[in-house]
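The values are calculated or read from the model by the stated rules, or taken from the named source; none is laboratory data. A quick note: this is a predicted structure, and the numbers were derived from the prediction, not measured. So basically every Cβ, Gly included, is an ideal-geometry build from the backbone, and we count neighbours across all protein chains shown.
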Amino acid sequence: MSTKLLRVGTTYIPVSNVEQAAQWYVDKLDAQLNYQDQDKAILNLADQSFFLVKAKENETANFYDVNGTERFSLTFEVDGQEALRKLHQDFIEHEINVGEIEHRGHSGINFVFKDLDGNKFDVWSELSPSFKKEND
């Protein structure tokens, strides 16, 4: 096969109030707002496009694993453990709902945070090898 998937271009996040959610992502995560109407907002965040889409009540991007634990569906990367600890502290200072820094038995450390609608996101201290290589 000569054609292959190159990258993830857009992630869709369900939200209850597009205007409030877009403002939260801009204020708390330094996202760039590119477009907004009553049903959606389009943001640039972490070198990716995010669509915040007005969804049914109590809808999130989270899911439950086989053991009944609610999980996130997206992990952001930062460059190293020091950067992760600093971001964790920044999120606390910006009053973002964050979990504790965790060691999960693999390289690096992580923490989970939530947006206004309870969408969970993970942050990992390890950069993917291809990203590291491209940016060296």
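Structure notes:
- Under the condition of being small (Gly, Ala, Ser), part of a loop (DSSP other than H, G, I, E, B) and closer than 20 Å to Ala55 by Cβ, the residues counted in region 1-34 number 2.
- Restricting attention to region 50-101 and to residues that are of a type in the set (Val, Ile, Thr) and over 17 Å from the mean Cα position of the chain (by Cα), the residue that is farthest from Ala21 (Cα to Cα) turns out to be Val66.
- The residue that is surrounded by the fewest Cβ atoms within 10 Å (Cβ to Cβ), among those in region 58-93 that are touching a strand residue (DSSP E or B) at 6+ places or on another chain (Cβ under 9 Å) and of a type in the set (Ser, Thr, Tyr), is Tyr64.
- Odd one out for Gln38, checked against (1) closer than 19 Å to Val112 by Cβ; (2) part of a loop (DSSP other than H, G, I, E, B); (3) at pLDDT 95 or above: (1)
- Count of residues meeting criterion [of a type in the set (Asp, Glu) and either surrounded by fewer than 10 Cβ atoms within 10 Å (Cβ to Cβ) or touching a Cys at 6+ places or on another chain (Cβ under 9 Å) (or both)] in region 1-20: 0
- One residue stands out in region 41-57 among those that are surrounded by 11 or more Cβ atoms within 10 Å (Cβ to Cβ) and of a type outside the set (A, V, I, L, M, F, W, C): the one that is modelled with the lowest pLDDT, namely Gln48.
- Residue in region 79-96 that is at pLDDT 95 or above and among the basic types (Lys, Arg) present: yes
- Any hit, region 94-105, residues being hydrophobic (A, V, I, L, M, F, W, C) and in a loop (DSSP other than H, G, I, E, B): yes
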